[in-house]
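For reference, the structure discussed in these notes is given below.
All of the numbers you see were taken from the coordinates with simple rules; none came from a lab. Every value quoted in this text rests on a predicted model; they were computed, and no experiment measured them. A quick note on method: Cβ atoms are made from the backbone with ideal geometry, for glycine too, and the neighbour counts reach across all protein chains shown.
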Amino acid sequence: MDHASPLERILRGVALTVVVVFFMFPLVWILLMSFQTNETILRSPPSLVFQPTLDNYRALLGGRLVGAGSTLQVSYVQNLMNSVILSVSSVSLALLLGVPAAYAFARFRFRGSEDIAFTLLSFRFAPPLLVLLPLALYFQQIGLANTYIGLIWVYQLIVLPLILWIVRGYFEDISPDVEYAYRLAGHSWFAAFRKIALPLAGPGIAAAGLLAFIFAWNNFVFALVLASADKQPVTVGALAFITASGIQFGQIAAAIVLSNAPTLLLALYAQRHLVEGLSLGAVKG
Amino acid sequence: MSRREQDLVDAWLRGRLDRRGLIKGLGALGVSAAGANALVGMATTRAMAADFDWRAHAGTSLRLLLNQHPYTDAMIANLGAFRELTGMDVTFDVFPEDVYFDRVTAALASGSREYDVFMTGAYMTWTYGPAGWITDLNEWINDPAKTAPAYAWDDVLPGLRASTAWNGVPGGELGSPDAKQWCIPWGYELNNVSYNRGMFDRAGVAVPTNMDEMVEAAAKLNRDIDGAYGVGVRGSRSWATIHPGFLSAYANFGQRDLNVSADGKLSAAMNTPESKAFHAQWVRMIQESGPRDWSNYTWYQVGQDLGAGASAMIFDADILGYFMNGEGNAMAGQLGYAPFAANPAASAPTPNVWIWSLAMSNFSQRKDAAWWFLQWASGAEHGLFGATEMDFVNPVRQSVWADEGFRSRLENSYPGYVNQHDVSAPGAQIYFTAQPLFFDLTTEWAATLQRMVANEVPVDEGLDQLAASVDRQLRDADLG
Amino acid sequence: MAGIDLDNVTKRFKGTAALDGVSLTVPEGETLALFGPSGSGKTVLLRVIAGVVQPDAGRVRLGGRDVTEEPPEDRGVGMAFQNFALFPHMSAFDNIAAPLTARRDAPSVLKAGVERVAKLLKIDHVLGQAPRQLSNGQKQRTALARAMAGQPKVLLLDDPLRNVDAKLRFEMRLELPRLLAREGVTAIYVTQDYREAMALGKRIAVLFEGRIAQIATPDEIYHAPATLAIAKLFGDPAINVLDVTPERDAHGPFARLSDRRAPLDPGLAHAVGRACVLGVRPEAIRFVDAEAPGAVPVTVEAETPLNEKTVTLAVTRRGRELLISRPAGAPGPATGPAHVAVDSVHALLFDRETGARIAPEPPGGAIRGAAA
Amino acid sequence: MAVIADTPPRPRRFRVGARALPYLLSLPALLVCIGILIPFGTAIWYSLQRYRLSQPWARRMNWGQNYVDFLSDPAFWNTLQVSMVYAATAVVVQLVLGLSIALLLQRRTRLNNVISIMLLLPLMTAPVLASLMWTLMTNANFGVLSWAAGQIGFEDMRWASSPRTALFTVLLVDIWVYTPFMVILLLAGLRSLPSQPFEAAALDGAPRLFVFWRITLPMLTPYILTASLFRLLDAIQQFDIIYGMTQGGPGNTLMVFQVEAYLNFFQQTNVGRSAALMMILWAITYALSAVFIKQWLRLRERARGEV
């Protein structure tokens, strides 16, 4: 490949350019849109020349959208907060539950271990609505409807298997002798877990946690079915007010940017962990 | 309160002054608008409290489930008066319309006690009522101990009262003597024409008075007006596509959705020759001069286009045209309104109505208190406040429509609106057959329309398939 | 009181016995070399003693205390792993300090403790470094230091020299006995290298397929291996094995070697007629003149000088290969025909079927070990 | 050596603790997920009933009738077909695209690394937000893509609102979001391949197409299988993008399982049919995921063997 002909190099360059344009253009375009007024957005043909404005963001963060027929009180900031609360707590809980379980599956071959692990993994692939619809009824009855706790629990369905399987792979890569050495030095099992296994699997736990956070943040269907207005995250919130305001396209764009920003920044910041987590999660385990 | 202020307010209470005049008068006395509203509220409270124990449930807290809507805005703006009047507290969840009814279903299907009162349309009560989720309100309306003398249930337009009452028998007539009052009408919509006066003038097109003219006018407007299409109607895959202009016109041709046989069996009625002719005309109109994204169009898009000058007219809810004429729209102040009878042979329009109503959850633990709220929210006082101070159109009470301030305000800013209403109101009612499969059938109807517009299926064939499918579903549900 | 006492320890993995009724006693302060081919169960045995593997049956006693059910951290055992098992995220210092932190020693005590063993093992200059910065030799010493830092009563060394280079291995082989003696610990030293076993162990336990085949001093094992298999494992070059069936004539029992009668120990009358294997150490074969008594004609094929000795490969007329060793510098024949004499009287004789040693006969007539 | 009589077995405290430990560690996670099995059981139960919320009096067990009805229900076959076509097309296109892009990015240069990171961004976008973004871009009045389509001669491009292009449009969004997933997995696979076969082929002067078909592809197959199965499982359950863009329309063009089940439940309040639909989807995904997990475990063993 080092002796690529000039033609080949040009073709590769063109191909890569097309790839980058296809995957980056929508993000850039929406970002630009979010700084425009409806007037410039509605121009045809679309133009890149416009006077940037922060009004859309101001309206969103201030919580008032003026649209056709009604002034929409949006609690977009509340939606963002809900996303943060739901994602952070469900990932924290999943780490708390999933890391010890992952350790158990990695270290011990106990009766039924593979079956339990398979069951947990198969939750990842079950159609969410299968359980969500009956769950919506149950939640109302047991008072979990429209509570953070109920949602965080349901979020475990996506984040827990993910964490379990990625972290398990990392634990399996640590030689058990290293932990035995620590225990033989006189430390308890728990100390060995905390001081040896956890730090050594740290990068894996970080990768799994990041990935789980992104999945939780991006989730739509759980909150669509189970959350009320005051608990719903940005994914549902953004969809909800596109039609309700229906009009202020700049604000919709700004809402998309705001709700996308955390995951995109996270992806840029921790891309190596994420790539590894993705590959491990899907391929290696 | 000074003596002169007191006089003004009393004059208003005795009905000699409209609210606008009252507040103007108070303004002349140096009372600010906000202060004036407070004064009026207090005065009303005193007056209303005089002959009914409004404070019977003081201290109770109610929870409402509300749709994002101007009616909701008006109600929320006036909630302070309710709190003051009754000493009750009210909290609420507001959802955008796209997910609102899913929320209601989720809450009620599970028997949630969270909400006491919620917004609904009449069609939904055909599901909620038989399911046992909502309460028959006759029990309260007819109980003098629980209903204020001034409530005047008869003041509510009779057609609306009838349309929100159903005996629960599939195919049963609405408003029959044995009907249960499943909800209280709150605000309603008539489906007529709202049009862009400037565009009509420029294209030299007259306001259409029947379907043929509409198809023609829309096509001409579509050609002649740059950057706008001819006519906006809804097209999303939903019951909401069927019930506005479409069904109003359909009913005007004397067509029905279902036949009800003597023994109460239901069967599809939409594959008659007349129906096929009408469908063909409707489909052609959309293909020729409808919005390009028609199949995604809900009332938001229909209204948005009219307000932004992207469409020349709409055949949809009159209040949508009303809102698009308000501030913040490119076409504000340039819209006109006209009644519309699709059938050239028809004597009057037959708009299918959409009635935003208030219903009481059967799972409420505070039904009496909830009724106190319903009375207030659907009462004349709040109706007048909403209609004159906020955008609470169309009000459901005859007394509000009789209010001169309200009429003149409409007449001045919304030319033709009052006429449109008055001409079509007598024929306004729900033209659907009340039955529990309403959403199954209308959704499939909308999907069939989409396929016809996309030329995936010829109109005749599509309707025959639809009718067959409807019949099968009715049979499956033991209705056919 | 015994330092380590194993009683009938058995451990199975998926049905196959890794340890099959192993009983073993190591007196306090003694270093026992545990020797065996790979897969014989050495590491499992060590892990059972350490407590990281639970035996299916049998008891483990350390210093007289039954620790079979105690977790590893309560056993007071130091262990050096074959792969070092250093904590990669800790400095060498912290690695070595691990046993001391477990006791919550004061920082000064901890520091003194680490420095003591570090100095002993000559790694005091690399204490601040992370394991990945250390050379293999340094890693090995760090692992050893960590095992010893807590001054355990029992030290388990799992082939600690396997992954280090030859020079270092040689050095450590000299150093370790001194170190172990100085610490006064009871130690088990696992190795696959018989010379290491002989250099380090006061006694050697030979493990075969999960059973102890023999426990004896290095000298005993070399000169009186309990089985043919043990005989083959000890000695470089390996022992010569010749299939024989002892016969008897007027002079007593003898074995037929290339038509010559090689006399056997007169006490071996009972072996006459049995299918046997004669084991002859390469140094027990001499080159002789053709006329010497019992001289066997061979053909010398090749010769390799091996440090202090020279090893010759010769082939008998029947095609049997013999390895013959003689002190370096001693004269030997050129390639081609030659004659050798076998010291058959002192040779080892094993039963061909069981591999058990027949001669020399163990004192009292019973065969030691668990070969039967 | 004398055999010492074994002491009679006594309670073994440590061993019991050690045995219980793994269960103790994994139990909380399991319990949290087990809660989910309760509604799962409910769903099965519902699916065996004639159950419409609007006709509570008609509710009764009808056992397999809901499933039998599917056989003669054109809507069901349409749903099945749309789901399959959607999933298969999405996976095939993404695989081909993903593999091509991965091959383009195979070498570790700074530019390639930057591009790989850029490719992460669509993947990190919530699918429902992605559908919103594309809805804005394909708006008939001002959407930049509608305008662009007009410029190249597709004046009448209606994107998601025409049955002819709706599938194409939602697939475009699916491809935009998920192709990077393929790229990243296949890139990880490509970069982990041993280099010897390639060097040997280069020495032999083997043509590059030959190298690709005979060496790269076979060695990459486990990764391709894993990634494709994973995507297939996700794609057959697609909800977010379709619900966000068209709610299954226009007509029944995009009526996939989960969207139809959602509408059945919430709009038509036909709980029995909705549950039966989801059970069928579950059966499909369960079969696929069993294959997937087996394949994945094999790959994992291999990855471990190479370590």
Given pairs C:LYS11/C:LYS153; C:LYS42/C:LYS139; B:LYS146/B:LYS265; C:LYS14/C:LYS153; A:LYS195/C:LYS202; B:LYS180/B:LYS276 and cut-off 28 Å on Cα-Cα distance, the over-length ones are B:LYS146/B:LYS265; C:LYS14/C:LYS153; A:LYS195/C:LYS202; B:LYS180/B:LYS276
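Quote the FRET efficiency, to the nearest 0.05, computed for A:THR119 versus D:ASP156 with a Förster distance R0 of 56 Å and r equal to the Cβ-Cβ distance. Can you show the working numbers first?
Details: r = 51 Å, r/R0 = 0.91.
It comes to 0.65.
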When chain C is treated as a Gaussian network with springs between alpha carbons less than 10 Å apart, the largest mean-square fluctuation among C:LEU179, C:LEU349, C:LEU34 is found at C:LEU179
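How many partner chain Cβ atoms sit within 10 Å of a residue's Cβ in peptide C:80-90, on average, as a whole number? Kindly include the intermediate steps, with their values, before the conclusion.
Values: counts 2, 6, 1, 3, 4, 10, 3, 9, 6, 6, 4.
The per-residue average across the peptide is 5.
Taking N as the number of residues in chain D, what is its Cα Rg relative to 2.2 N^0.38 Å?
Values: Rg = 26.0 Å, N = 307, 2.2 N^0.38 = 19.4 Å.
Normalised by 2.2 N^0.38 Å, the Cα Rg of chain D equals 1.34.
What do you get when you divide the Cα radius of gyration of the stretch A:6-61 by 2.2 N^0.38 Å, with N the number of residues? Present the calculation step by step, with values, prior to reporting the outcome.
Details: Rg = 16.3 Å, N = 56, 2.2 N^0.38 = 10.2 Å.
For the stretch A:6-61, the normalised Cα radius of gyration comes out at 1.60.
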Per residue of A:259-267, other chain Cβ atoms within 10 Å number on average 4
extent check for the stretch C:2-228: Cα max minus min per principal axis, descending, whole Å, gives 49, 39, 32
The distance between the Cα centres of the stretch A:36-62 and the stretch B:212-240, in whole Å, is 28
B:PHE438 neighbourhood, Cβ < 13 Å, K/R = +1, D/E = -1, net charge -2
Between D:LEU31 and D:LEU193, the two model label points (7 Å from Cα along the beta-carbon direction) sit apart by a distance in nm of 4.9
Dividing the mean separation of Cα pairs under 8 Å (6+ apart) by the residue count of the stretch D:76-256 yields a relative contact order in percent of 38
Result row for chain A, helices from DSSP H with C-alpha axial extent 27 Å or more and mean Kyte hydropathy at least -1.0, is A:6-33, A:76-107, A:148-172, A:198-218, A:249-269
Fraction of alpha-carbon pairs in chain B farther than 32 Å apart, rounded to whole percent, equals 42
Partner shielding of D:283-295, as the mean number of partner chain Cβ atoms within 10 Å, equals 3
Assertion target for B:VAL396, B:VAL457, ordered by fewest C-beta neighbours within 10 angstrom first, is B:VAL457, B:VAL396
The computed P(r) of the protein assembly as shown puts the percent of Cα pairs beyond 43 Å at 60
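Tell me, A:PHE249, A:PHE50, D:PHE265 in order of fewest to most beta-carbon neighbours within 10 Å? Intermediate values should be presented prior to the final figure.
Numbers: A:PHE249 24, A:PHE50 16, D:PHE265 28.
With the sparsest Cβ surroundings first, the list reads A:PHE50, A:PHE249, D:PHE265.
Quick check on the stretch C:248-362: what are the equivalent-ellipsoid semi-axes from the Cα gyration tensor, as sqrt(5λ), descending, whole Å?
Working: eigenvalues 138, 49, 31 Å².
After scaling each eigenvalue by five and taking roots: 26, 16, 12 Å.
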Checking C:HIS270, C:HIS339, C:HIS223 against a Gaussian network model of chain C (alpha-carbon springs below 10 Å), the top fluctuating residue turns out to be C:HIS270
So, with points 7 Å from each Cα along the Cβ direction, the A:SER5-A:THR147 label distance in nm works out to 7.0
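Taking neighbour counts of Cβ atoms within 10 Å as a proxy for exposure, in what order, fewest first, do D:THR246, C:THR43, C:THR299 appear?
Numbers: D:THR246 28, C:THR43 20, C:THR299 14.
The most exposed by this proxy come first: C:THR299, C:THR43, D:THR246.
Under the rule of -39500 (n - 2.57) per DSSP H run of 4 or more residues, summed and divided by the residues of chain B, what mean residue ellipticity at 222 nm is obtained, to the nearest 500 deg cm²/dmol?
On the way: 23 runs with 233 residues, N = 480.
That calculation yields -14500 deg cm²/dmol at 222 nm.
Could you work out the relative contact order of chain D, using alpha carbon pairs under 8 angstrom and six or more residues apart, expressed as a whole percent? Numbers along the way, then the final one.
On the way: 295 pairs, mean separation 79.6, N = 307.
So the answer I get is 26 percent.
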For B:VAL205, the net charge from surrounding residues (Cβ-Cβ under 13 Å; K, R +1; D, E -1) works out to 0
So, relative contact order of the stretch C:233-359 in percent, Cα under 8 Å, 6 or more apart, is 28
Rounded to the nearest 0.05, FRET efficiency between D:SER72 and D:VAL96 (Cβ-Cβ, R0 51 Å) equals 0.85
For B:GLU274, the net charge from surrounding residues (Cβ-Cβ under 15 Å; K, R +1; D, E -1) works out to -2
Summing -39500 (n - 2.57) over every DSSP H run of at least 4 residues in chain A and dividing by its residue count gives a helix-only mean residue ellipticity at 222 nm, to the nearest 500 deg cm²/dmol, of -23500 deg cm²/dmol
Computed from the beta carbon distance with a Förster radius of 25 Å, FRET efficiency for D:ILE44 and D:THR89 to the nearest 0.05 stands at 0.20
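Checking a compactness column here: for the stretch D:76-256, what do you get for Rg(Cα) / (2.2 N^0.38 Å), N being the number of residues?
Ratio of Rg to 2.2 N^0.38 Å for the stretch D:76-256: 1.19.
Highest first, please rank the peptides A:12-19, A:86-93, B:166-173, B:448-455 by the mean number of other Cβ atoms sitting within 10 Å of their residues.
Working: A:12-19: 13.6, A:86-93: 21.0, B:166-173: 18.5, B:448-455: 23.6.
Sorting A:12-19, A:86-93, B:166-173, B:448-455 by mean packing, highest first, produces B:448-455, A:86-93, B:166-173, A:12-19.
Taking every pair of distinct Cα atoms and averaging 1/r, then inverting, what Kirkwood hydrodynamic radius in Å comes out for the stretch C:77-117?
On the way: mean 1/r = 0.0919 Å⁻¹.
Across the stretch C:77-117, the inverse of the average 1/r is 10.9 Å.
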Under the 7 Å Cα-to-Cβ spin-label approximation, C:ALA106 and C:ARG248 lie apart by a distance in nanometres of 7.9
HN-Hα couplings for the stretch C:99-116 via Karplus (6.51, -1.76, 1.60; θ = phi - 60°), in whole Hz with x for Gly/Pro, come out as x, 7, 5, 4, 8, 6, 5, 5, x, 5, 5, 4, 4, 4, x, 5, 5, 4
In a Gaussian network model of chain D with springs linking alpha carbons closer than 10 Å, the residue among D:LEU111, D:LEU31, D:LEU220 that fluctuates most is D:LEU31
Kirkwood Rh for the stretch A:76-284 from C-alpha pairs, in Å, is 18.5
